[in-house]
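What follows is calculated from the coordinates using simple rules that are stated; it is not laboratory data. These figures come from a predicted structure and were not determined experimentally. Note: ideal-geometry Cβ built from the backbone for every residue, glycine included; neighbour counts use all protein chains shown.
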Amino acid sequence: MSLRYVTTNEGKIAEALEYLDADVVQFDYDYAEIQAPELESIAAHGARAAFRAARRSDTVDGTDTPVVVDDAGLFVEGLDGFPGPYSSYVDDTLGVERVGELAREADATRAQFRCVLAYCDGDGFEATPEPVDREARRGQDLSADTRDAATTDDTVAGGELPVKLFVGSVPGRIVEPRGDGGFGYDPIFEHDGTTLAEMSPTEKNAISHRGRALAKFADWYAGR
Ligand code: ITT
């Protein structure tokens, strides 16, 4: 059965294909990202929304198609984790080079990249406890969660759709842009003297946040 990799970013698909021999297809579904301080909640929420959208769009032989959402972010330590879960918005507004300048001007160049993969197939399995900071989300869109829990079509016995999370991270530092490969923040993120944009896709996968999360996911998925 094919696996839908939920992203609008083709760079992510290219990296994912190196790990997953399953029949992976890109599911270009731009799910509304909730505002939350950690990637885990955003990815889990996205996986449930994407699974429901995939189920609406087609059901192969009466079997639901599994989905995996990939949410990533750059966390600059000396800037309190900025841009973190807002990396996409900040890329679109300030731009990657400006983020690099801000970090260097503040002499805050230690950083890490994090990636969270969230898997959902509509079946019951031992889900990952999902950290949700209710305080931070007070007044935000809690209604979606309430609706999820209340709609029988979206639930399995015992609660809302289970989601399994796989996390990967890589430490590094922010430098002046170098290299033409990769995408997003790759040119300003250096690991062991080389920016991610200077690495081949295989070299990046071997050390990257996504590669680490994908390796864990591929292991688990092979046994499923
Ligand atoms: P989707 O949400 O559709 O998957 P996106 O590119 O917006 O696409 P994210 O929200 O996960 O994906 O990414 C947040 C930002 O971080 C965005 O600007 C990406 O380009 C960037 N990013 C994600 N993974 C990256 C990686 O491996 N290397 C460099 N930048 C990355």
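Taking Cβ atoms as reference points and 15 Å as the exclusive limit, the residues near Arg104 contribute a net charge of -3, counting Lys and Arg as +1 and Asp and Glu as -1. Residues in the range 26-38 carry Karplus couplings, in order, of 6, 10, 7, 10, 8, 5, 6, 7, 6, 8, 8, x, 10 Hz; the curve used is 6.51 cos²θ - 1.76 cosθ + 1.60 with θ = phi - 60°, and Gly or Pro positions show x. Taking amide H atoms as placed 1.01 Å from N in the peptide plane, the amide H of Gln26 lies under 5 Å from those of Tyr5, each 5 or more residues away in sequence or on another chain.
Tell me whether the range 1-123 comes out rounded, prolate or oblate; compute the Cα gyration tensor, take square roots of the eigenvalues as a ≥ b ≥ c, and use a/c under 1.5 as the rounded threshold. Write down the numbers at each step before the final one.
Values: a/c = 2.77, a/b = 2.27, b/c = 1.22.
Prolate.
Taking amide H positions as modeled 1.01 Å from N, with prolines and chain starts lacking one, no residue 5 or more places away or on another chain lies under 5 Å from Ala108.
Of all lysines in the structure, the ones whose alpha carbon falls short of 23 Å from that of Lys204, not counting any fewer than 8 places away in one chain, are Lys12, Lys216. Karplus-based coupling profile of the range 93-109, in residue order and whole Hz: 9, 6, x, 4, 5, 5, 4, x, 4, 4, 5, 6, 4, 7, 6, 10, 9, with θ = phi - 60° in 6.51 cos²θ - 1.76 cosθ + 1.60 and x standing for Gly or Pro.
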